[in-house]
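The values are calculated or read from the model by the stated rules, or taken from the named source; none is laboratory data. All figures in this text were calculated on a predicted structure; none of them were measured in a lab. In this analysis, Cβ positions are derived from the backbone assuming ideal geometry, glycine residues included, and neighbour counts consider all displayed protein chains.
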Amino acid sequence: MIKLLVGLGNPGKKYEKTRHNVGFMVIDEVLRGLKLQKPSEECLSLLYRANIDGREVLLAKPQTYMNNSGLAVVNLLEEYDIMPEEMLVVYDDLDLPLGKLRLRLEGSSGGHHGVESIIREIKTDKFPRLKVGIGRPADKNKVVDYVLSPFSKEEESVLARVLQRASQCLLRCVRFSPEESMNFCNAQV
């Protein structure tokens, strides 16, 4: 049973619309659908409380910057007595094209520094995660600039559909389970 949804990103206006903040964008899409607006500042995160089908679910946007996301996550898990497998993390993935989602129940970080930080702090890689494809730049040396850049005008219409589908995926994982939501979540947008 999912009790905590965590979107990864970087805090502040400077990063708000960048590819690396797709995790925050997905959480924002869920919040819009649930009509939630007021977070508390707890456990190094902006924290929202939602009632989904009669159950309290926490939605978090860590404010520790991407590479230290694990500091916020370990705080949340400890403070609210949540097991790693009861958390679902959503974040950007360079190895998936824009428009592709991939739900996984566990696994390595795949080189994603935010996920590396979480695995290091909570001492396990056994937690569900939703990867949101952002594509990869042609030049390998431009990855940092690429993930910290905004989506192009052409990509924004695809992004809107991706955020909506990812939001539906998270809610489905809460209502049912990540295992039961795999086919829905892993479909091309």
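Okay, residues lined up against (1) of a type outside the set (D, E, K, R); (2) touching a Gly at 6+ places or on another chain (Cβ under 8 Å); (3) within 14 Å of HIS20 (Cα to Cα):
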{"residue": "TYR80", "(1), (2), (3)": "yes, no, no"}
{"residue": "MET83", "(1), (2), (3)": "yes, no, no"}
{"residue": "ASP93", "(1), (2), (3)": "no, yes, yes"}
{"residue": "LEU98", "(1), (2), (3)": "yes, yes, yes"}
{"residue": "ARG129", "(1), (2), (3)": "no, yes, no"}
{"residue": "VAL143", "(1), (2), (3)": "yes, no, yes"}
{"residue": "LEU148", "(1), (2), (3)": "yes, no, yes"}
{"residue": "ARG165", "(1), (2), (3)": "no, no, no"}
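Exactly one residue out of GLU121, GLU106, GLU79 is among the charged types (D, E, K, R) and in contact with a Cys (Cβ under 8 Å, 6 or more places away or on another chain), and it is GLU79. Report whether or not ASP28 is of a type outside the set (A, V, I, L, M), surrounded by fewer than 22 Cβ atoms within 10 Å (Cβ to Cβ) and within 17 Å of CYS169 (Cβ to Cβ). Yes; evaluated as a whole, the condition is true for this residue. Number of residues in the stretch 77-119 that are under 15 Å from SER45 (Cβ atoms) and surrounded by fewer than 22 Cβ atoms within 10 Å (Cβ to Cβ): the value is 4.
On the stretch given as the stretch 157-189, residues that are free of Cβ contacts under 8 Å to residues at least 12 places away in the same chain and closer than 14 Å to GLU29 by Cβ total 1. Screening the stretch 117-150 for residues that are outside any helix (DSSP H, G or I) and among the acidic types (Asp, Glu) and picking the one that is modelled with the highest pLDDT gives ASP125.
Residues checked against (1) acidic (Asp, Glu); (2) without any contact (Cβ under 8 Å) to a residue 12 or more places away in the chain; (3) part of a strand (DSSP E or B):
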site: LYS61; (1), (2), (3): no, no, yes
site: VAL74; (1), (2), (3): no, no, no
site: ASP81; (1), (2), (3): yes, yes, no
site: VAL90; (1), (2), (3): no, no, yes
site: PRO97; (1), (2), (3): no, no, no
site: LEU103; (1), (2), (3): no, no, yes
site: VAL115; (1), (2), (3): no, no, no
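State whether one or more residues within the stretch 129-151 are surrounded by fewer than 16 Cβ atoms within 10 Å (Cβ to Cβ), over 21 Å from SER45 (Cα atoms) and among the β-branched types (Val, Ile, Thr). Yes - at least one qualifying residue is present in the stretch 129-151.
Which of the residues belonging to the stretch 151-170 are part of a helix (DSSP H, G or I), over 20 Å from PRO84 (Cβ atoms) and in contact with a helix residue (DSSP H, G or I) (Cβ under 7 Å, 6 or more places away or on another chain)?
LEU163, GLN164, ALA166, SER167
Restricting attention to the stretch 13-59, the residues that are in contact (Cβ under 8 Å) with a residue 12 or more places away in the chain, polar (S, T, N, Q) and assigned to a strand (DSSP E or B) total 2. Check the stretch 40-52 and report whether any residue there is of a type in the set (Phe, Trp, Tyr), in contact with a Lys or Arg (Cβ under 6 Å, 6 or more places away or on another chain) and under 20 Å from PHE127 (Cβ atoms). The answer is no, given that none of the residues of the stretch 40-52 is of a type in the set (Phe, Trp, Tyr), in contact with a Lys or Arg (Cβ under 6 Å, 6 or more places away or on another chain) and under 20 Å from PHE127 (Cβ atoms).
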